[in-house]
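Here the structure is laid out as structure tokens; the discussion comes afterwards.
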Amino acid sequence: MTATADNSTALPSRANPRAVGIWLCASAFMIFAMMIIGAITRLTESGLSMVEWRPLVGALPPLSEAEWQRVFDLYRETSQYRLMNSGMTLAEFKDIFFWEWFHRFWGRMIGIVYALPFFWFLFRGAIPKAQKPHLWILLLLGGLQGVIGMWMVESGFVDRIEVSQYRLAIHLGMAFFILGYTIWLIIDLLAPVEAGRAPVQRSFRRLGAWAHAWIFFTILYGALVAGLNAGMIFNEWPTMDGGFVPNGYIDPAFGWLSIFESHGAVQFNHRMLAYITAASVLLLWVLSLRSNLVPRAQWSIHAMMAMTLIQIVLGIATLLTVVAMPLAVLHQAGAAILFCLSLWVMKELRGSRP
């Protein structure tokens with residue numbers, strides 16, 4: 001009996017970290033693509049074109065002219081149509097409908113690409129034990145994100161022509177959290193820090209964490225800018241309305257809530273957070289040059305610094321062109337790439353964990 005038990009415990013594990021990591025890479029790519037599709041959906045004002053929420057039947061677009069007319073009639077009852085798109089033709093409606101439908105369709109595809117391999121890997125015993133609870137959490141977060149998305153869209157159907165900027169920020173913030181969680185697991189599975197590498201000094205690690213935090217805060221404020229169309233004004237740089245702080249930064253109609261509601265205040269705060277982010281990344285980069293970091297850790301910081309410079313240029317160009325769509329989409333993509341690079345930096349600075 002003892003010999004049998006010993007032999008059973010000595011059997012090799014069926015865990016396949018590489019296969020699981022590659023599957024997560026595919027999921028992360030689809031999440032990244034979803035952010036691009038979401039940006040286009042927002043920029044084309046398409047998010048309120050699908051009034052109905054039909055998780056199963058809604059996977060297909062209208063397949064007949066009668067069905068197209070029915071969904072168009074539903075849209076014509078919304079505030080957005082009456083206040084912004086009155087007189088829109090059915091052909092024009094089809095253009096905006098496509099992006100919202102494709103946005104939801106891609107979300108369904110993410111669910112399939114994640115869930116089916118997940119349960120297959122579970123059945124096969126291919127998932128390393130340490131990753132199982134994290135992958136269950138990701139599955140639940142994906143479902144929650146779908147609910148948040150519909151909650152966000154519903155805010156635009158009540159005496160508004162756009163969704164709430166607060167709900168948009170929550171929706172985008174959750175998307176970045178899910179992407180970051182996935183990237184964190186991918187690094188552990190496919191490119192873990194070599195065993196035995198000690199973490200760098202605590203102050204250096206904290207600076208890396210703060211750089212990551214400032215990137216995330218800047219992204220959330222960017223969602224407020226997008227939700228309020230605040231990038232359509234003060235299209236100059238480095239000044240705003242001829243000065244550093246725009247006139248009417250505090251709008252009496254909103255009081256202290258101006259920091260979330262006033263177009264000028266929201267854009268100004270987004271700029272300031274971007275400056276703080278750039279300064280924190282620059283400081284980390286300069287200090288890293290004076291530190292004895294292993295090459296991989298140093299290259300992660302080089303990559304983050306380079307992407308920060310690219311993101312600054314994209315942000316300024318987006319502003320100066322009054323939110324030209326190609327630049328605005330690239331700016332959102334750049335934010336996602338920078339966010340992921342900052343996670344890589346934090347991983348490298350933490351060293352290996354028992």
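Which of the residues belonging to region 114-127 are touching a residue at least 24 places away in the same chain (Cβ under 8 Å) and either surrounded by fewer than 16 Cβ atoms within 10 Å (Cβ to Cβ) or basic (Lys, Arg) (or both)?
ALA115, ARG124, GLY125
Out of the residues in region 60-103 meeting the condition of being part of a loop (DSSP other than H, G, I, E, B) and in contact (Cβ under 8 Å) with a residue 60 or more places away in the chain, tell me which one is farthest from THR44 (Cα to Cα).
Residue satisfying both the conditions and the ranking: THR78.
Quick one: VAL193 ticks every box in (1) over 27 Å from the mean Cα position of the chain (by Cα); (2) part of a loop (DSSP other than H, G, I, E, B); (3) not basic (Lys, Arg) except a single one, so which number is it?
(1)
So for region 155-163 (the condition being without any contact (Cβ under 8 Å) to a residue 60 or more places away in the chain and touching a helix residue (DSSP H, G or I) at 6+ places or on another chain (Cβ under 6 Å)), does at least one residue qualify?
Yes, there is a match, as at least one residue in region 155-163 is without any contact (Cβ under 8 Å) to a residue 60 or more places away in the chain and touching a helix residue (DSSP H, G or I) at 6+ places or on another chain (Cβ under 6 Å).
Based on this model, can you work out whether ARG350 counts as modelled with pLDDT under 95, of a type in the set (Lys, Arg), exposed (fewer than 14 other Cβ atoms within 10 Å of the Cβ) and closer than 19 Å to ARG206 by Cα?
Taking the combined requirement at face value, the residue does not satisfy it.
Only one residue in LEU172, LEU179, LEU185, LEU144 is more than 14 Å from the chain's Cα centre (by Cα), in contact (Cβ under 8 Å) with a residue 40 or more places away in the chain and either farther than 14 Å from ARG350 by Cβ or not in a helix (DSSP H, G or I) (or both), so which one is that?
Selected residue: LEU185, the only one of LEU172, LEU179, LEU185, LEU144 that is more than 14 Å from the chain's Cα centre (by Cα), in contact (Cβ under 8 Å) with a residue 40 or more places away in the chain and either farther than 14 Å from ARG350 by Cβ or not in a helix (DSSP H, G or I) (or both).
One line per residue, one yes/no per condition, for (1) free of Cβ contacts under 8 Å to residues at least 60 places away in the same chain; (2) part of a helix (DSSP H, G or I):
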position: THR308; (1), (2): yes, yes
position: GLY315; (1), (2): yes, yes
position: THR318; (1), (2): no, yes
position: VAL322; (1), (2): no, no
position: LEU327; (1), (2): yes, yes
position: LEU338; (1), (2): no, yes
position: LEU343; (1), (2): no, yes
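Within region 286-307, is there a residue that is closer than 22 Å to LEU224 by Cβ and not charged (D, E, K, R)?
No, every residue in region 286-307 fails to be closer than 22 Å to LEU224 by Cβ and not charged (D, E, K, R).
Return a yes/no flag: does region 104-119 have any residue that is more than 28 Å from the chain's Cα centre (by Cα) and part of a helix (DSSP H, G or I).
Within region 104-119, none of the residues are more than 28 Å from the chain's Cα centre (by Cα) and part of a helix (DSSP H, G or I).
Within region 242-253, is even one residue over 20 Å from ARG42 (Cβ atoms), without any contact (Cβ under 8 Å) to a residue 60 or more places away in the chain and either in a helix (DSSP H, G or I) or aromatic (Phe, Trp, Tyr) (or both)?
There is at least one residue in region 242-253 that is over 20 Å from ARG42 (Cβ atoms), without any contact (Cβ under 8 Å) to a residue 60 or more places away in the chain and either in a helix (DSSP H, G or I) or aromatic (Phe, Trp, Tyr) (or both).
It is to be established whether one or more residues within region 289-296 are buried (at least 22 other Cβ atoms within 10 Å of the Cβ) and in contact (Cβ under 8 Å) with a residue 12 or more places away in the chain.
no
Looking for whichever is more than 19 Å from ILE219 (Cβ to Cβ), surrounded by fewer than 16 Cβ atoms within 10 Å (Cβ to Cβ) and in contact with a Ser or Thr (Cβ under 7 Å, 6 or more places away or on another chain) here; the options are PHE97, PHE157. Which one fits?
Exactly one of PHE97, PHE157 is more than 19 Å from ILE219 (Cβ to Cβ), surrounded by fewer than 16 Cβ atoms within 10 Å (Cβ to Cβ) and in contact with a Ser or Thr (Cβ under 7 Å, 6 or more places away or on another chain), namely PHE157.
The values are calculated or read from the model by the stated rules, or taken from the named source; none is laboratory data. Quick caveat, the model's predicted, so the values are computed rather than measured. Reconstructed Cβ throughout: ideal geometry from the backbone, glycine too, with neighbour counts over all protein chains shown.
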